[in-house]
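Student: Dropping a structure here in C-alpha cells format, bear with me for questions.
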Amino acid sequence: MDAVTAGPRTLPKAYLAAEFAIVFFGLVVLYTLLLRGTSPIPVLLVLGAAAVVYLLRSPSFDRASLWRAGALAGQLRPMLALWLLTAAGCALVVALTTPDLLLALPSEQPGLWALIVLGYPLASVYPQELLFRTFLFHRYRPVFGEGALMVAASAATFGFVHIAFGNWIAVVLSTAGGVIFANRYRRSRSLLTVSVEHALYGLLMFTIGLGEYFYHGAA
C-alpha cells in the first residue's frame, strides 16, 4: 500500500503535514508562476476527479458525506440569514466605493452572467469543495483534528489558492468564505450543503460587481 492510497491514520503526522504544505501551498505557487491567467477549471475538474477516486478507495471515508441531502434543510435557515447579511453589506460597499460595478455583469453582459449561473456551481464550486473541504478534512484529520484548527487550515488554503487571481481582495474574501464553508461542512458533513452555500456566495460576487476579482475569462 503506497502513501497515496494508505489511510491517513496509518501515516506519520509529519508526513501528512509536509504533504499538506506541498499540495496546498507549493503546488499553488507553481501553478501561479506557470499558468496564471489561464482558466483553472480543467485543473479543478482533474483534481476533483482524483479526489473522488481517492476518497472512494479509502475504507475509513464516510461516503454519505459526498451528498447527504438531508442535511441541507437543517442548515438552510442560518445559511440564508448569513448570506442575506453579506449580500446587503457587499451591495452597500460596492455602491459607495465603485458604483459603476454594481450589477454591471448581469446588466451589461446578461449572456455571460447566465452562463456563469448555470456552469459555475458544477464546474467550479463542487470540485473546489471536494478538494478544500471533503478531501482536506478526511486526509489531514490526523494533523488538524476536526475542530477550529481544521477550519483554519481549510480557510487558509482556500484563501491562498486565490493568489492566482493576482489581487488581495480575492484572497481576503476567499479566506473569509473559507471560514464559513469549513464551519458549514464541519457541522453538516454534507458536500451538497456546503456546495450550495459556496455557489450562493460565488454568484453573489459575480452579480454584485466583485466578479472581476475572481475572473480568468471563465467561470
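The values are calculated or read from the model by the stated rules, or taken from the named source; none is laboratory data. If you're wondering where the values come from, they're calculated on a predicted model, not measured in any experiment. Please note: Cβ atoms are built from the backbone with ideal geometry, for glycine as well, and neighbour counts cover all protein chains shown. Surface areas here come from the heavy atoms of the whole protein model, side chains and all, with no ligands, DNA or RNA. Shrake-Rupley method; radii C 1.70, N 1.55, O 1.52, S 1.80 Å.
Student: Compute the helix-to-body angle for 41-57: its Cα long axis versus the longest principal axis of the chain, expressed 0 to 90° and rounded to tens.
Tutor: Approximately 30 degrees, to the nearest ten.
Student: Can you tell which of Leu112, Phe206, Trp83 lies farthest toward the positive end of the dipole of the chain, using +1 and -1 charges on the Cβ of basic and acidic side chains (Lys, Arg; Asp, Glu)?
Tutor: Going by the Cα projections, it comes out as Trp83.
Student: Taking only protein heavy atoms and a 1.4 Å probe, what accessible area per residue, in Å², does the range 118-174 have with all protein chains in place?
Tutor: Ligands and nucleic acids excluded, the figure is 34 Å² per residue.
Student: Quick one: pull the percent of accessible area on the range 79-219 belonging to carbon and sulfur, 1.4 Å probe, ligands and nucleic acids left out.
Tutor: C and S atoms contribute 74 percent here.
Student: How many percent of all Cα-Cα pairs in the range 8-65 sit more than 13 Å apart?
Tutor: 72
Student: Given (i) 20.6; (ii) 18.0; (iii) 17.5 as candidate values of Kirkwood radius over Cα pairs in Å, which corresponds to the one derived from the coordinates?
Tutor: Answer by label: (ii).
Student: Might you tell me the accessible area per residue for the range 11-113, computed with a 1.4 Å probe and given in Å²?
Tutor: Here the residues of the range 11-113 average 63 Å² of exposed surface.
Student: I'd like the orientation of helix 110-120 relative to the chain: the angle between its Cα long axis and the longest Cα principal axis, in ° from 0 to 90, rounded to 10.
Tutor: Approximately 10 degrees, to the nearest 10.
Student: Here is a follow-up. Per residue of the range 31-39, in order, report the coupling 6.51 cos²θ - 1.76 cosθ + 1.60 (Karplus, θ = phi - 60°) as ³J(HN,Hα) in whole Hz, putting x for Gly and Pro.
Tutor: Working through the residues one at a time gives 4, 5, 6, 9, 10, 4, x, 9, 5 Hz.
Student: Hey, another quick one. Taking 37 °C and 0.692 mPa s as the conditions, I'd like the Stokes-Einstein D for the range 73-193 in µm²/s, using the Kirkwood hydrodynamic radius from alpha carbon pairs.
Tutor: 206
Student: Helix 191-208 versus the longest principal axis of the chain: what is the Cα-based angle in degrees, 0 to 90, to the nearest 10?
Tutor: That helix lies at roughly 30 degrees to the long axis.
Student: Can you show me the helix-derived [θ] at 222 nm for the chain, built from DSSP H runs with n ≥ 4 at -39,500 (n - 2.57) apiece and divided by the number of residues, rounded to the nearest 500.
Tutor: So the calculated ellipticity at 222 nm is -20000 deg cm²/dmol.
Student: Turning to a different aspect of this structure: At a 10 angstrom cut-off on C-beta neighbours, averaged per residue, how do the peptides 8-15, 61-68 rank from highest to lowest?
Tutor: 61-68, 8-15
Student: Based only on Cα atoms, what Rg/Rh ratio does the range 67-111 have, Rh being taken as Kirkwood's radius?
Tutor: Dividing the radius of gyration by the Kirkwood radius yields 1.19.
Student: Output wanted: per-residue J couplings in Hz (rounded whole) for the range 132-142, from phi through Karplus 6.51 cos²θ - 1.76 cosθ + 1.60, θ = phi - 60°, x for Gly and Pro.
Tutor: Along the range 132-142, the couplings run 8, 10, 4, 5, 4, 4, 7, 5, 10, 4, x Hz.
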